[in-house]
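What follows is a single structure, written as structure tokens, with notes after it.
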Amino acid sequence: MPQKVRYQLFVPLSLSERLEALAAKPGATRSALLAQALESWLDRRGTSELDERFGVRLDRISSSLARIERGQEILLESLALFIRYELAIHAPLAENDHAGRALARERFEAFVSQVGRQLAAGKRTLAPATESER
């Protein structure tokens, strides 16, 4: 059985009358009713306080994530359309075209190197141009 602590409370007469009316019902006690009411009030206050403290931040994070997801969708769709276009306009290389395959490999390695340099330097190809770059 959980330990209990005794409290002496002073409540307005109208509240006391309402409590007595509820406690008069079978199976209800004043102590149980007050404990339930206090627990319910503390739970609501705690939830409200958490909402006040973190709700704005969580809303801001949610909108940031939504913008990131939208940007990723645009990026992936653009990449997919570009790849489809490139594959459609370029004829495939013949199996014995070693020079063409070597050139393709060099171009791909140059592309990967350029991406690495851009990322390492913190540059973005699609970033708005500054006044000095115009």
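Each value in this text was obtained by applying a stated rule to the coordinates, not by laboratory testing. All of these numbers come straight from a predicted model, not from anything done at the bench. Please note: Cβ atoms are built from the backbone with ideal geometry, for glycine as well, and neighbour counts cover all protein chains shown.
Computed values, structure above
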quantity	calculated
Selection count, region 72-118, where residues are charged (D, E, K, R), loosely packed, with under 10 Cβ neighbours inside 10 Å and not in a helix (DSSP H, G or I)	1
Test for S64: is it surrounded by 10 or more Cβ atoms within 10 Å (Cβ to Cβ), of a type in the set (S, T, Y), free of Cβ contacts under 8 Å to residues at least 60 places away in the same chain and part of a helix (DSSP H, G or I)	yes
